[in-house]
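Written out below as structure tokens is the structure these notes cover.
Where a number appears in this text, it was derived from the coordinates with a stated rule and is not lab data. As the structure is a prediction and not an experimental result, all values here were calculated from the model. Positions of Cβ are backbone-derived with ideal geometry, glycine not excepted, and every protein chain shown enters the neighbour counts.
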Amino acid sequence: MTIPIPSAVRTVRIYSGAQMLATRGISPAVPYRWSLKHPLDADWWWVDATGYCSDASTTILQIGASIVSGDTSLSIAATYQTADGLYAGIQLAGGTAATSYTVRVKITFASGAMESWDISIPMQNVPAPPTPNLSLVTNNHDIVLLGGIPFPTGT
């Protein structure tokens, strides 16, 4: 397995201070959300626990993740933690276009604390493929390309 590298585009930052205030009703709960995912992507999505680990003087020990809302087409292929123990990676694959999912990430820290966060991830709305121009389709269903050369479709 190649070692994944955290992406600034696909990262959610958690912070214990903000979360503690939200649970005490001092401020509204922070909704965590990853950026848009294409249903065909199978890539890494990250949780940045740098602030939490700094506050608690700890590092990530173990990661767990599960899909808690949405259909069954989104899957968790693997989990990973960086060598410094500050980032948790979840490899997500699949998904249904225009569907929103919630991924529950559970992290156990070296201090013994275990926390979980629900992170939403919306799927990109993928348009249907265009209907071919019938004047460019041959009698054996090949599509005629530029220059009049048929591209075999296999049908």
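So here's what we get for this one:
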read-out	value
Count of residues meeting criterion [of a type outside the set (S, T, N, Q), touching a residue at least 40 places away in the same chain (Cβ under 8 Å) and closer than 21 Å to ARG10 by Cα] in segment 104-120	7
Which numbered condition SER66 fails, given (1) buried (at least 16 other Cβ atoms within 10 Å of the Cβ); (2) of a type in the set (S, T, N, Q); (3) under 17 Å from SER116 (Cβ atoms)	(1)
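A quick yes/no check of all residues on (1) in a loop (DSSP other than H, G, I, E, B); (2) at positive phi; (3) surrounded by fewer than 17 Cβ atoms within 10 Å (Cβ to Cβ):
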{"site": "GLY51", "(1), (2), (3)": "no, no, yes"}
{"site": "TYR101", "(1), (2), (3)": "no, no, no"}
{"site": "LYS106", "(1), (2), (3)": "no, no, yes"}
{"site": "GLY112", "(1), (2), (3)": "yes, yes, yes"}
